Amino acid sequence: MTANISFDTPLTLTKKNDISFGTVKAGVADTYTISPAGNVSVAGAGQWLYGAKSAGNITIMGSTAQTLNISVSNYAAAGGVKPANAKCSYGGDTSKPCSITGATAPGTTGKTLLIGIDAVVDGNQAVGSTATPSFTVTIVYG
């Protein structure tokens, strides 16, 4: 009798950058959206003013055979800003809600996960303040 056992490559996640909306108008309640491509839009009277804006960017490397499940949870408000409605673009796919099941294996050269989000602002932010809301991105083999 021979026992066979196979091993695969573990997932490696490398965060390239966090999400940045740049600087927006203080004292205005609104919803700001940053797309996975890094474009900022405003739902109402708010205004993007200046500064670097970027979507979240994670490089995922691992198996050439196993698919991935990607999800977002634990939205946590901070400084009067609540994150919501995360959108993902994995491996160049079109943007969709970050509830992805059976995504293509990343392989050893890796694939990029771009993340956008809504930031629901209560309008109580002072000029010069910074808010740092957060959420959890979970990536596991399917």
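Observations on the model:
- Counting charges near G56 (Lys, Arg +1; Asp, Glu -1) among other residues having Cβ under 12 Å from its Cβ returns a value of +3.
- From phi via Karplus (6.51, -1.76, 1.60), per-residue ³J(HN,Hα) for region 111-126 in Hz, x at Gly/Pro: 9, 9, 10, 9, 10, x, 7, 8, 10, 8, 9, 7, x, 9, 7, 7
- Accessible surface calculations at 1.4 Å, restricted to protein heavy atoms, place the chain at 56 Å² per residue.
- Length-normalised contact order of region 1-104 in % [C-alpha pairs under 8 Å, at least 6 apart]: 26 percent
- Carbon plus sulfur fraction of accessible area for the chain, probe 1.4 Å, in percent: 52 percent
- The 3J(HN,Hα) values that the Karplus relation (6.51, -1.76, 1.60; θ = phi - 60°) gives for region 84-91 are, in residue order, 7, 6, 4, 10, 10, 10, 10, x Hz. Gly and Pro appear as x.
- Shape call, region 69-115: gyration tensor on alpha carbons, a/c limit 1.5: prolate
- Between T31 and S129, the modelled label-to-label distance comes to 2.2 nm, taking each label 7 Å out from Cα in the direction of the beta carbon.
- Within region 34-74, backbone nitrogen closer than 12 Å to the virtual label 7 Å beyond the Cα of S99 toward Cβ: 71-73
- When region 1-109 is described by a simple charge dipole with +1 on each Lys and Arg Cβ and -1 on each Asp and Glu Cβ, the residue from V81, S99, G38 located farthest towards its positive end is V81.
The values are calculated or read from the model by the stated rules, or taken from the named source; none is laboratory data. Computed from a predicted model, the values in this text were never measured in an experiment. Counting neighbours? That spans all protein chains shown, and the Cβs are built from the backbone with ideal geometry, glycine included. Each accessible area value is taken on the protein alone, full model and side chains, heavy atoms only, with ligands, DNA and RNA left out. Shrake-Rupley method; radii C 1.70, N 1.55, O 1.52, S 1.80 Å.
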